[in-house]
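Report on the structure given below.
Derivation of every value follows stated rules applied to the coordinates shown; laboratory data play no part. For clarity, every value in this text was computed on a predicted model and none was experimentally measured. A quick note on method: Cβ atoms are made from the backbone with ideal geometry, for glycine too, and the neighbour counts reach across all protein chains shown.
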Amino acid sequence: GSLGQGLSAGVGIALNGKYLDKLSYRTFVLLGDSEMAEGQIWEAVQIAAYYKLDNLVAIIDVNRLGQRGETMYGHDVESYKIKLNAFGWETYVIEGHDFAKISAAFKKSREVVNKPIAIIAKTIKGKGVSFLEDKNGWHGKALSQEEFVQAVQTLGEVDQDLHLSLTKPDLHIDRTSISLTLPEPQETLQESNYDLGELVATREVYGKTLAKLLTKYPNIVVLDAEVSNSTYSEDFKKVYPSRFFEMFIAEQNMVSVALGLSSRGKMPFVSTFAAFFSRAFDQIRMSQYSSADIKFVGSHCGVSIGQDGPSQMGLEDIALFRSITDSVVFSPSDAVSCQKLIELAAEKKGVVYIRTARKKTPVIYESDESFTVGGSKILRSSEKDAATVIATGVTVHEALDAYEQLLNEGIFVRIVDLYCI
């Protein structure tokens, strides 16, 4: 577990091989028939076909039995074949215990062009052991010593001289050694200088800043869930289209694809509305266990987006991302802080979340202002302060307005911009 996420990660690895590193490796993903009921599987299936990932092979073990009994389609392998064919996959249905047919399917898969491949293997769970074969009730259960001996005897003689030494893979990726050719910019990069008081929505800063960062961090890749004109990741796409992957409205798949890309040394920036990351929380949660280096950017955060209604308001996103081990949450209040915090996000390895807003807010920081992970800024203070108001994002500007009103009444308060939560 968590079931349903592996194929999406495989899509990310395959995307990297075909479109970024342009290497000849192939990605194999082993799937259980039970997890084929997961919606994310089909998000991955359709995006793999869309990107013509002929370097991706899914092997589906159709053994009929799930955790509590028979799966949705049992041994009806044709049901899986029909669905996958409809999505544009090349499929091979085989007897999963026949090594010659397994080998033949793998060989055929190497000849497929511009289509992902699924090998649908019909198998019998526990085959060869009478008290296990095709029997329900053995999910996640270990054999007793007596049952183990009986099972081994049933399977026949075992060559005790047969030993296999496995070489453990190097799990460390030296990101500094990854050599990537920078794509030629398709548009001229414009300087982003923001004047004090200028009205700029923080979301408008995102794509432009990333485009400038690519020369410093050549492993940056951007994914968006079909809202790039709202998150402004489209500004990055206009300059570097080959480093942008449209993931459409399938957020769970998008996050796991980013995990696959991260495993190959890329630095994915993943963007959608802040509210929609909540449906991908399990995928975000699981990414921390793979030492992911993923930057999430959620636009339209908070209640200030009244025009879009409550379904679009990102209210739970801070709690979601702060629950992730070693995560960093940035909440910029203006264009300058947003630009600087995106730069910090690229510098900081691991899971980083940046909240951006729809509302245009005045620039309050000079362009040379510095920011740090875990930091905050005192914007207003005096020795007469009766209270401290801690604000973040768009609420900083509400706090500053309140400060002026209270000051007119002779009440002094301290205003703190909590840009890192």
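General remarks:
- The length gained by stretching the chain between Ile249 and Lys127 to full extension, at 0.36 nm per residue less their Cα-Cα distance, is 39.8 nm.
- Cα gyration tensor category, rounded, prolate or oblate, for region 377-417 with a/c compared to 1.5: oblate
- If R0 is 35 Å, the Cβ-Cβ spacing of Leu315 and Ser367 corresponds to a FRET efficiency of close to 0.65.
- GNM result for the chain, Cα springs below 10 Å: residue of Ala402, Ala201, Ala49 fluctuating most strongly: Ala402
- Here the calculated FRET efficiency for Asp161 and Ser290, from their Cβ-Cβ distance with R0 = 45 Å, stands at 0.75, rounded to the nearest 0.05.
- Per-residue packing, averaged as other Cβ atoms within 10 Å, sorts the ranges 299-308, 65-74, 135-144 into the order 299-308, 65-74, 135-144, beginning with the highest.
- Of Ser333, Ser278, Ser370, the residue with the greatest mean-square motion in the GNM of the chain, using alpha carbon springs below 10 Å, is Ser370.
- Cα gyration tensor, the chain - rounded (a/c under 1.5), prolate or oblate: prolate
- Note on Lys360 and Ala37: the model spin-label points, each 7 Å out from Cα along the C-beta direction, lie 5.1 nm apart.
- Residue exposure sequence - Phe321, Phe412, Phe371, Phe131 - by fewest surrounding Cβ within 10 Å: Phe131, Phe412, Phe371, Phe321
- Sum of -39500 (n - 2.57) over DSSP H runs of 4+, divided by residues of the chain (222 nm, nearest 500): -8500 deg cm²/dmol
- Mean sequence separation of contacting Cα pairs (under 8 Å, at least six apart), scaled by the length of region 6-149, corresponds to a relative contact order of 24 percent.
- Cα long-axis angle, helix 6-15 against the chain (0 to 90 degrees, to the nearest 10): 70
- Sorted peptide list for 261-269, 359-367, 187-195, criterion being average Cβ within 10 angstrom, highest first: 261-269, 359-367, 187-195
- For region 322-365, the residues whose amide N sits under 11 Å from a probe point set 7 Å from the Cα of Gln307 along the beta carbon direction are 358-360.
- Prolate/oblate/rounded call for region 239-344, Cα gyration tensor, a/c under 1.5 rounded: rounded
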